[in-house]
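*Asks:* I am attaching a structure below and will ask some questions about it afterwards.
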């Protein structure tokens with residue numbers, strides 16, 4: 001995770017975290033170059049999910065389909081950083097985040113936007129495709145989230161929203 005992503009997640013948590021948020025699901029949590037766990041308030045129940053076993057992974061699973069592991073509307077916050085570009089079906093991963101988020105839950109996404117050079121393909125399952133701003137808008141529009149930002153900065157896409 002590069003410094004701008006970490007700062008975005010930190011600022012989003014600082015500005016939008018609610019006292020009733022207790023559970024966090026981190027999609028693509030395997031720690032390759034940093035993770036978000038240390039940015040969370042003390043006492044937060046954290047579960048890191050990744051398709052590849054490694055540091056900071058509590059559950060090895062495909063984030064496209066977590067129905068066998070996570071109930072509908074059961075998680076307060078879903079964080080997905082620098083993962084969707086390595087996902088063969090990123091739209092399904094975003095829909096899973098919608099499914100498991102409680103009403104009022106916070107979603108934070110960062111990913112490589114169009115024009116960003118390919119990175120970490122071998123470390124992340126051998127797949128890479130940049131995500132367009134149009135795709136992110138379409139996927140997050142389905143969330144019915146009233147507060148959202150999409151920023152194309154340094155070829156990164158960043159989104160936060162409240163369900």
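*Asks:* Name the residues in segment 2-15 that are in contact (Cβ under 8 Å) with a residue 12 or more places away in the chain and surrounded by fewer than 16 Cβ atoms within 10 Å (Cβ to Cβ), would you? I'd like the intermediate steps shown before the answer.
*Replies:* Of segment 2-15, the ones in contact (Cβ under 8 Å) with a residue 12 or more places away in the chain are 2, 4-6, 8-10, 12-13.
Passing the criteria: 2, 4, 10.
*Asks:* Something else now. For the condition touching a strand residue (DSSP E or B) at 6+ places or on another chain (Cβ under 7 Å) and more than 23 Å from residue 90 (Cβ to Cβ), what is the one hit in 69, 46, 21? So that I can check it myself, show each step before the final result.
*Replies:* Values: 69 fails: more than 23 Å from residue 90 (Cβ to Cβ); 46 fails: more than 23 Å from residue 90 (Cβ to Cβ).
None of the others qualify; the one that does is 21.
*Asks:* Yes or no: segment 101-124 includes at least one residue that is out of contact with any helix residue (DSSP H, G or I) (no Cβ under 6 Å at 6 or more places or on another chain), in contact (Cβ under 8 Å) with a residue 24 or more places away in the chain, surrounded by 13 or more Cβ atoms within 10 Å (Cβ to Cβ) and at positive phi.
*Replies:* For segment 101-124, residues out of contact with any helix residue (DSSP H, G or I) (no Cβ under 6 Å at 6 or more places or on another chain), in contact (Cβ under 8 Å) with a residue 24 or more places away in the chain, surrounded by 13 or more Cβ atoms within 10 Å (Cβ to Cβ) and at positive phi: present.
*Asks:* Let me ask something additional. For residue 78, state whether it is closer than 20 Å to residue 160 by Cα, crowded, with 22+ Cβ neighbours inside 10 Å and free of Cβ contacts under 8 Å to residues at least 40 places away in the same chain.
*Replies:* On the way: closer than 20 Å to residue 160 by Cα: yes; crowded, with 22+ Cβ neighbours inside 10 Å: yes; free of Cβ contacts under 8 Å to residues at least 40 places away in the same chain: no.
In short, no.
*Asks:* Based on this model, can you work out whether residue 51 counts as at pLDDT below 95 and surrounded by 15 or more Cβ atoms within 10 Å (Cβ to Cβ)? Working first, answer last.
*Replies:* Values: at pLDDT below 95: yes; surrounded by 15 or more Cβ atoms within 10 Å (Cβ to Cβ): yes.
Considered against the rule, which asks whether it is at pLDDT below 95 and surrounded by 15 or more Cβ atoms within 10 Å (Cβ to Cβ), residue 51 comes out as yes.
*Asks:* Still on this structure, I have one more. Of all the strands (runs of 3 or more DSSP E) wholly in segment 12-106, which have at least 1 residues that are under 15 Å from the mean Cα position of the chain (by Cα) and within 23 Å of residue 133 (Cβ to Cβ)?
*Replies:* Numbers: elements: 23-27, 45-50, 75-81.
Qualifying strands (runs of 3 or more DSSP E): 23-27, 75-81.
*Asks:* Within segment 129-146, can one find any residue that is out of contact with any helix residue (DSSP H, G or I) (no Cβ under 6 Å at 6 or more places or on another chain), within 17 Å of residue 9 (Cβ to Cβ) and either at pLDDT 90 or above or not in a loop (DSSP other than H, G, I, E, B) (or both)?
*Replies:* Yes, there is a match, as at least one residue in segment 129-146 is out of contact with any helix residue (DSSP H, G or I) (no Cβ under 6 Å at 6 or more places or on another chain), within 17 Å of residue 9 (Cβ to Cβ) and either at pLDDT 90 or above or not in a loop (DSSP other than H, G, I, E, B) (or both).
The values are calculated or read from the model by the stated rules, or taken from the named source; none is laboratory data. Just so we're clear, the structure is a prediction, and the values are computed from it rather than from any experiment. Ideal geometry is used to build each Cβ from the backbone, glycine not excepted, and the neighbour counts take in all protein chains shown.
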